[in-house]
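S.K.: Please find one structure pasted underneath; my questions will follow.
The values are calculated or read from the model by the stated rules, or taken from the named source; none is laboratory data. Bear in mind that the values here come from a model prediction, so they are computed numbers and not experimental data. Cβ placement follows ideal geometry from the backbone for every residue including glycine, while neighbour counts extend to all protein chains displayed. Note: accessible area is taken over every heavy atom of the protein model, side chains too, but ligands, DNA and RNA are not part of it. Shrake-Rupley method; radii C 1.70, N 1.55, O 1.52, S 1.80 Å.
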Amino acid sequence: MAIRWTRLDSPVGTLLLTADETGALTSLSVPGQKNGRTVQEGWVHDPAHFRDAEEQLAAYFAGELKEFQLELRPTGTEFRTRVWDALDDVPYGATTTYGEIAARVGASRVAVRAVGGAIGANPLLILRPCHRVIGANGLLTGYAGGLERKTALLTLEGALQSP
C-alpha cells in the first residue's frame, strides 16, 4: 500500500500528515519533532485524501472542535497501542499524569517510564493528545513536538493560562 501525505499550515507550524490508502491517518508530525516523519521516496502527495483532517484541525485550532472524529491507524506494539488509546480518554482542556495513564493501562508504578516512552513515541501528535500529559508535580515535561508547542496546545484548550 502506498503511503499518502500532505502538509498543512497551523499555528504550531507546518504539519506533515500521512495516511494509508483507506484514508486512516498513520502519523501527524511537526518540524523538529523527535522521531518525526519526513517525506520518503515513493510516497504519494495527495492533499485531497486529507480534507476531513484538514477541516477538523482548522476547527480545533479555531477553538471550535474539542474531539476529533478521524480514523487513526498508527503502527506500534500492543503496549504502545494501549497507551495511545488511553490518551484518547483525556478530555479537551484537561491534563493527566504519566502515573495516571500507567494505571489506566494496568501498568505497574515501575512501568511509568515505559509509559512515558510510549507517549513520547506517539506518531499522531495533537490527534492523540499526548500534550495533555504532565508530570506528577504539575510541571510540563517532555513533548516530542517541543515544550513551546505543548504550552501552545494546552493554552488553546484552556488548560493553561495565556502568558
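S.K.: Sorted by mean Cβ packing within 10 Å, highest first, what order do the peptides 87-98, 54-65 take?
M.R.: My ranking of the peptides, most packed first, is 87-98, 54-65.
S.K.: With θ taken as phi - 60° and the coefficients 6.51, -1.76 and 1.60, list the Karplus ³J(HN,Hα) couplings across the range 5-18 in order, rounded to whole Hz; mark glycine and proline as x.
M.R.: Once θ is set to phi - 60°, the couplings for the range 5-18 become 8, 7, 10, 10, 7, 8, x, 10, x, 6, 9, 9, 10, 10 Hz.
S.K.: Ok, one more. Averaged per residue, what accessible surface does the chain expose to a 1.4 Å probe, in Å²?
M.R.: I get 52 Å² per residue for the chain.
S.K.: Using modelled backbone amide H atoms (1.01 Å from N, in-plane), which distant-in-sequence or interchain residues come within less than 5 Å of T26's amide H?
M.R.: When sequence neighbours closer than 5 places are left aside, the close amide H contacts are T18, A19, D20, R73.
S.K.: Find which of F50, A24, G13 sits farthest along the positive direction of the dipole of the range 2-60, computed with +1 on the beta-carbon of Lys and Arg, -1 on that of Asp and Glu, about the Cα centre.
M.R.: With unit charges placed on the Cβ atoms, the residue in question is G13.
S.K.: Subtracting the Cα-Cα distance from 0.36 nm times the residue separation, let me have the gained length for V110 to L65 in nm, one decimal.
M.R.: Taking 0.36 nm per residue and subtracting the Cα distance, the gain is 12.6 nm.
S.K.: Right, another one. Go through the range 1-54 and name the chymotrypsin sites (Phe, Trp or Tyr not before Pro) that are in a DSSP coil and have 15 or fewer other Cβ atoms within 10 Å of their Cβ.
M.R.: Values: sites: W5, W43, F50; in loops: W43.
Counting only loop positions with at most 15 other Cβ atoms within 10 Å, the chymotrypsin sites (Phe, Trp or Tyr not before Pro) in the range 1-54 are W43.
S.K.: Still on this structure: Once each part is reduced to its C-alpha centroid, what is the distance from the range 30-81 to the range 89-121 in angstrom?
M.R.: 21 Å
S.K.: Only bridges whose two residues both fall in the chain count here: according to DSSP, what percent of them are antiparallel, nearest 5?
M.R.: DSSP beta bridges in the chain are roughly 60 percent antiparallel.
S.K.: Quick check: at a probe of 1.4 Å, how many percent of the accessible area of the range 2-52 sits on carbon and sulfur atoms? Can you show the working numbers first?
M.R.: Details: 1190 of 2620 Å².
For the range 2-52, the apolar C and S fraction of the accessible surface comes to 45 percent.
S.K.: Skipping prolines and chain starts, which residues have an amide H placed within reach, meaning under 5 Å, of the one on L15, given they are 5 or more residues away or on another chain?
M.R.: Answer set, sorted by chain and number: L8, D9, S10.
S.K.: What is the helix-to-structure angle for 78-87, meaning the angle in degrees between its Cα long axis and the longest Cα principal axis of the chain, kept from 0 to 90 and rounded to the nearest 10?
M.R.: Once rounded, the angle reads 80 degrees.
S.K.: How big is the dipole moment of the chain about its Cα centre under a simple scheme where the beta carbon of each Lys and Arg is +1, that of each Asp and Glu is -1, and everything else is neutral? Debye, nearest 20, please.
M.R.: Working: 16 positive and 18 negative charges, 141 e Å.
Charge dipole, the chain, about its Cα centre: 680 debye, nearest 20.
S.K.: Also: Place a +1 charge on the Cβ of each Lys and Arg in the range 2-60 and a -1 charge on the Cβ of each Asp and Glu, then give the dipole magnitude about the Cα centre in debye, rounded to the nearest 20.
M.R.: Using only the charged Cβ atoms, the result is roughly 240 debye.
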